[in-house]
Every structure is written in C-alpha cells, then in structure tokens.
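Asker: The structure that follows is given in the form of structure tokens.
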Amino acid sequence: MAERAEIFEVGPRDGLQNEAREIPVADKVALIDMLSGAGFRRIEVASFVSPKWVPQMAASGEVLARIDRVPGVSYAALTPNIKGFEAAVAARADEVAIFASASEGFSKANLNATIAESLERFAPVAEAARDAGLPVRGYVSCVVECPYDGPVAPADTARVVAALRDLGVYEVSLGDTIGQGRPEAVDAMLAVVLQDLPVDRLAGHFHDTSGRALDNVDVALDHGVRVFDAAIGGLGGCPYAPGAKGNVATGRVAAHLAARGFETGLDTAVLDRAADIARALVAPRETGEAR
Ligand code: HMG
Ligand code: MG
C-alpha cells in the first residue's frame, strides 16, 4: 500500500489574506465548502488578527459561522494573542495556530514584537487552548530567508521551533515565507531542526516565489516530512513579506506527491473545481502554473 502524505490546505487563509480586493464572505464560504469535499483533514479558513493589520481576514467569524462543516475536517484559525484566541473559540474553530518568526526583522514587521515578546504572548494562548481542549499548531516563518534580515541560520530556526514545542504545539510548520529558500538551505535547516522535534511533528510550508517549492518539498520528503501546506490555485502571500508569492499550489503538490508514490486521499476533480473558484476570486495577475 502507498505511504500517506498529507496536504494541509491553507488557501482560504494564506491564499486570500493578501488580496487587494475585498472578497465577499459568500465567495470565501463557497470556496471552503468546495474544499471540504476534496478529502482534506485540515483546512485553515480564518485568521483572528488585527483587522487594521490584515483587513482581508476581518470577517473570519462570519466565515466560520457560514461554512458547511464536514465531519472529520478540522477548520483552523490563526490566533496571534488572547484576543484572537477568544474570537476563534467564539467562532468554533476546531484548532488554532500561533505563528512566530525565526528572524527578528520579520517578527517585528508581522507581529510588532520581538521573537521573545511574541513567544510571551503565545504562552497564554497555548495554555487557554489546552484548557479548552483545542489543538494548537505552530508556525515558524522565515526558516531560511528573511526579507529584512537576509539568510537565517538553522540554529535560529531550531531555537524557535523548540520554543513552540515547549509551549505544547502538536506540530510545527516551517515557513519559507518569501519562497526564496534554496533546497540546500532547507536541507541544512531540517538537519538541525530535527534534533529538536521528531519528523512526524513537522510540516513544510513553502511559498513558490522563485519556483523552488517542489524541490524543497522533495528535500523535506527525503528527511521524512509527510505534511505539506499548500494553497489552492497557488494563491496568496503575506502582506508583511514584500514580494512573496503564493504558497505552492495544492494541485501541483498533490500531483507531485502522487508521482512520488504517496497517497494523499485527495480528489483531483474537486481540487480542479476549487482552483477555478479560487482564481476567479482574486484580482487578475500573473498566476503561472497555478493549479
Ligand atoms: P499591535 O498593533 O502591536 O497590537 O499589533 P495592539 O495590542 O497594540 O492592538 C492594536 C489594535 O489591534 C487594538 O485595537 C487591538 O484591540 C486590536 P484599537 O484599540 O487600536 O482599536 N487587536 C486585535 N483585533 C482583533 N483581533 C486581534 C487583535 N489583537 C489586537 N487578535 C498584532 C499586534 C499581533 C495584533 C498585529 O501585529 C497583527 O494582527 N499581526 C498579524 C499579522 C498577520 O496576520 N500576518 C499574516 C499571517 S502570518 C503568515 O502569513 C505567515 C505564515 O503563512 C507562515 C509563513 O508563510 O511563513 C503563517
Ligand atoms: Mg505563509
């Protein structure tokens, strides 16, 4: 039997958070409802951050209220602080995510906090989630490259991964936030990070700016990573990571994993329909090979 690999769909959050056009809630709900039938176990659909910082995610509560929840699918939300966590609980998110950076420059730009300050803010979120019985995922951004500080040392990434582990996250997603990571750098980073966290608690989150995301997926697969974040239609980017393109497209990762002999459990016909919906939602731009 083929070995399993999982795609964690982040399109409705990472894919849409950076759009210039205001996307109606009904359109987001239609996209998520389509994705819910594709076979994902986890879909990130919301972000309870400051609407002044990320206006596109302001209606996250309404989105969670209006989607048709499919049993067995976990609908996830980003929560940078207790205020965001409380909103996520009120909206009945199934799991939450705290998100740190391996570099100080990006931490300041994205969270208005040093790495240490951000971790202090996450501690009560992790504790409240534990009390509420909600799983907490962790992200580390800029695991190899930072748009402000340049190359990031593997030890810096490993330190933040270990800090999130100590806060009790069940998995850490390693973000090549600006999609400039070279496979050799990802390889070196993983070798160090794996000394702190077992591979079954790591995920790869590769943006595809320089077209190396699938090469980085391969490097991560070689290290034993079996969970990859991807965005339907290859949409997105981070508003605080200038120039970053979307996450690698879900359909491309699914096809790549299948070609490498992995079973993802995803329905490619549904993915194609969802990719069409996703692309229709965003402003016209260069999408390249974006399924
Ligand atoms: P701040 O301005 O330092 O926070 O922002 P503050 O505590 O001073 O609050 C400022 C205002 O925001 C206040 O409102 C708060 O109430 C409000 P005011 O009194 O001025 O009217 N506020 C909130 N409102 C709603 N929900 C909240 C919340 N918190 C405060 N949770 C803060 C600090 C962390 C809030 C801000 O920097 C922020 O929201 N940052 C989030 C940025 C973001 O969402 N970035 C994209 C997601 S990360 C990403 O894409 C990377 C990832 O994909 C992995 C990768 O690719 O590497 C995950
Ligand atoms: Mg991202």
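Where a number appears in this text, it was derived from the coordinates with a stated rule and is not lab data. This one's a predicted model, so the numbers in the text were calculated from it and none came from an experiment. Neighbour counts are summed over all protein chains in view; Cβ atoms, including those assigned to glycine, are modelled from backbone coordinates with ideal geometry.
Asker: Give me a comma-separated list of calculated 3J(HN,Hα) values for the range 169-181, in order, Karplus coefficients 6.51, -1.76, 1.60 applied at θ = phi - 60°, integers in Hz, x for any Gly or Pro.
Answerer: 5, 7, 7, 10, 9, 9, x, 8, 4, 9, x, 10, x
Asker: Go ahead and run the numbers for FRET between Asp222 and Asp276, Cβ-Cβ distance against an R0 of 45 Å, rounding to 0.05.
Answerer: In this case the efficiency is close to 0.85.
Asker: Each residue of the range 21-28 in turn: what ³J(HN,Hα) in whole Hz from Karplus with 6.51, -1.76, 1.60 and θ = phi - 60°, glycine and Pro shown as x?
Answerer: Rounded to whole hertz, the list is 7, 6, 8, x, 4, 4, 5, 5.
Asker: Taking only the C-alpha atoms, wrap a convex hull around the range 152-257 and report its volume per residue in Å³ as a whole number.
Answerer: 96
Asker: Here's another thing I want to ask about it. Net charge near Gln180, counting Lys/Arg +1 and Asp/Glu -1 over other residues with Cβ under 11 Å of its Cβ?
Answerer: Every neighbour counted, the sum reads 0.
Asker: Additional query: Grab the other residues whose beta carbon is less than 9 angstrom from that of His207, score K and R as +1, D and E as -1, and report the net.
Answerer: -2
Asker: Name the residue, out of Gln17, Gln195, Gln56, whose mean-square fluctuation peaks in a Gaussian network model built on the chain with Cα pairs under 10 Å.
Answerer: Taking springs between Cα atoms under 10 Å, the residue moving most is Gln195.
Asker: Please compute the Kirkwood hydrodynamic radius of the range 3-88 from all pairs of different C-alpha atoms, in Å with one decimal.
Answerer: 13.2
Asker: Then there's this: In terms of the Cα gyration tensor, with a ≥ b ≥ c the square roots of its eigenvalues, is the range 231-279 rounded because a/c is under 1.5, prolate because a/b exceeds b/c, or oblate?
Answerer: oblate
Asker: Quick one: check the C-alpha center-to-center distance for the range 170-217 versus the range 57-126, whole angstrom.
Answerer: 21
Asker: Along the three principal axes, how long is the range 130-203 when you take its alpha carbons, biggest first, rounded to the nearest angstrom?
Answerer: Principal-axis extents of the range 130-203 (Cα, largest first): 38, 24, 16 Å.
Asker: Need one number: % antiparallel among DSSP beta bridges in the chain, to the nearest 5.
Answerer: DSSP beta bridges in the chain are roughly 10 percent antiparallel.
Asker: Let me ask something else about it. Highest mean first, what order results for 4-16, 206-218, 65-77 on Cβ atoms within 10 Å?
Answerer: Top of the packing list down: 4-16, 206-218, 65-77.
Asker: Once the other residues with Cβ under 13 Å from the Cβ of Val152 are scored (Lys, Arg +1; Asp, Glu -1), what is the net sum?
Answerer: In short, -3.
Asker: Let me ask you something else. Could you tell me the largest-minus-smallest coordinate of the C-alpha atoms of the chain on each of the three principal axes, in descending order and whole angstroms?
Answerer: Result, largest extent first: 42, 41, 38 Å.
Asker: From Cα pairs below 8 angstrom and at least 6 apart in sequence, can you work out the relative contact order of the chain, rounded to a whole percent?
Answerer: 22
Asker: What shape does the range 46-181 have by the C-alpha gyration tensor, where a ≥ b ≥ c are the square roots of the eigenvalues, rounded means a/c under 1.5, and otherwise prolate means a/b greater than b/c and oblate the rest?
Answerer: Verdict is prolate for the range 46-181.
Asker: Compare Ala91, Ala280, Ala230 in a GNM of the chain, Cα atoms joined below 10 Å, and give the one with the largest fluctuation.
Answerer: Greatest mean-square fluctuation among the candidates belongs to Ala280.
Asker: Let me ask something additional. For the chain, modelled as a GNM with alpha-carbon contacts under 10 angstrom, which of Lys83, Lys28, Lys245 fluctuates the most?
Answerer: Looking only at Lys83, Lys28, Lys245, the largest GNM fluctuation is found for Lys83.
Asker: Now a separate question. With only Lys, Arg, Asp and Glu charged, each at its Cβ (+1 for the first two, -1 for the last two), find how big the charge dipole of the chain is about the Cα centre; round to the nearest 20 debye.
Answerer: Computed charge dipole of the chain: roughly 480 debye.
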